[in-house]
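Worksheet for the structure shown next.
The values are calculated or read from the model by the stated rules, or taken from the named source; none is laboratory data. Here the structure is a predicted model, which is why all the values come from computation and not from measurement. For neighbour counting, all protein chains shown are included, and Cβ atoms are generated from backbone atoms with ideal geometry for every residue, glycine included.
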């Protein structure tokens, strides 16, 4: 078939037509976390996201686990409200279909392995010439150029390379951050970069490519410890739940065994802690603790005093006194306690999302509330669920689609 000329996407039943990104079409060759996180947030705001997956299993995040009623916890989190089609991009006909989709799209997102987009003829330079109104977003490990452009990168590798792991854990042993923080950082910058590019195109007519790497996204978040190390002569110490440069700031165990975290960040708060919680107002004038730097320098002495007071109180009473003193505090919740958190229920943050044949499950609404806007919380797609419909929009009749399926192209 001849390649489709650029035109608006076909009409699709869309109950969310009033959403801010309604009318924007995104085509994504995505896998794992970073790119799917970026595109899911676009879908939340009404963009039509067409997720292109391999016919032989699709996005490998579908198989990370099977804990959510047979579906992967990662995939359920990252892929609601999307349409899934299957294409063999190693075939000429599969690449032709992608080009047809891109001719109708506003945004193209990919986080394929290093060099894969170039081999498929989908690099940003080519796309800008072929589809001048298309915003191409590439998410890579270490950048699309430079000495590590061809190097694979996974979340924990990037945590190690940026020095984050050296800051995390106890004094005796480093630890990874317990979520995919490098992927999430890259996905957030890709999302904001795409929104910026859409605004630029709307105001200037110029479609600018977006290039984000996991390494540089997390490197941005490492600025404070980088400054501390560069100008202080040593990296911030690894202190578990304590804060490297503020004291008292950390967890203490109450009489009933529950851990409570407190944070004291000003002289006013320090005085309140001494007078109302510790009931030792004379500590305010103690030279060991008179300034923030002095409290950090004498952290061991200070921790001993605070810990002793916590051991005399049940956690509920400790929290009551800390609130009265104006001291920020929190129980150290496990995941089950987080799921039952009163703020989530009290602010009506839970919705239901359908799974492929197994739903629904609860999902949190996006954290950025826009006045008058209800985000889309559509179903998680089955692999290739929308292939026939999308091909029909491109002009393929059922016999042509069947032929593509018979040949393994879809």
>> Which residue is farthest from residue 138 (Cα to Cα), if the candidates are limited to the stretch 174-183 and must be part of a helix (DSSP H, G or I) and in contact with a helix residue (DSSP H, G or I) (Cβ under 6 Å, 6 or more places away or on another chain)?
In response: 182
> Restricting attention to the stretch 93-146, which residues are surrounded by 17 or more Cβ atoms within 10 Å (Cβ to Cβ) and without any contact (Cβ under 8 Å) to a residue 24 or more places away in the chain?
Replying inline: 123
>> Looking only at helices (runs of 4 or more DSSP H) that lie completely in the stretch 63-146, which have at least 2 residues being modelled with pLDDT of 95 or more?
In response: 73-78, 92-104
> Residues 241, 251: which one is loosely packed, with under 13 Cβ neighbours inside 10 Å, within 37 Å of the chain's Cα centre (by Cα), touching a residue at least 24 places away in the same chain (Cβ under 8 Å) and within 25 Å of residue 225 (Cβ to Cβ)?
Replying inline: 241
>> Can you find a residue that is touching a helix residue (DSSP H, G or I) at 6+ places or on another chain (Cβ under 9 Å) and either within 25 Å of residue 319 (Cβ to Cβ) or assigned by TED's automatic domain parsing to the domain that holds residue 177 (or both) anywhere in the stretch 232-242?
In response: yes
> Going through the stretch 45-61 one residue at a time, which ones are under 22 Å from residue 408 (Cα atoms), touching a strand residue (DSSP E or B) at 6+ places or on another chain (Cβ under 8 Å) and not in a loop (DSSP other than H, G, I, E, B)?
Replying inline: 50, 51, 52, 53
> How many of the residues making up the stretch 232-263 are farther than 21 Å from residue 169 by Cβ and at pLDDT below 95?
Replying inline: 1
> Can you tell me which residue in the stretch 254-272 is nearest to residue 299 (Cα to Cα), limited to those that are in a helix (DSSP H, G or I) and under 36 Å from the mean Cα position of the chain (by Cα)?
Replying inline: 270
>> It is to be established whether one or more residues within the stretch 277-292 are touching a residue at least 12 places away in the same chain (Cβ under 8 Å), under 24 Å from residue 166 (Cβ atoms) and either in contact with a helix residue (DSSP H, G or I) (Cβ under 9 Å, 6 or more places away or on another chain) or in a helix (DSSP H, G or I) (or both).
In response: yes
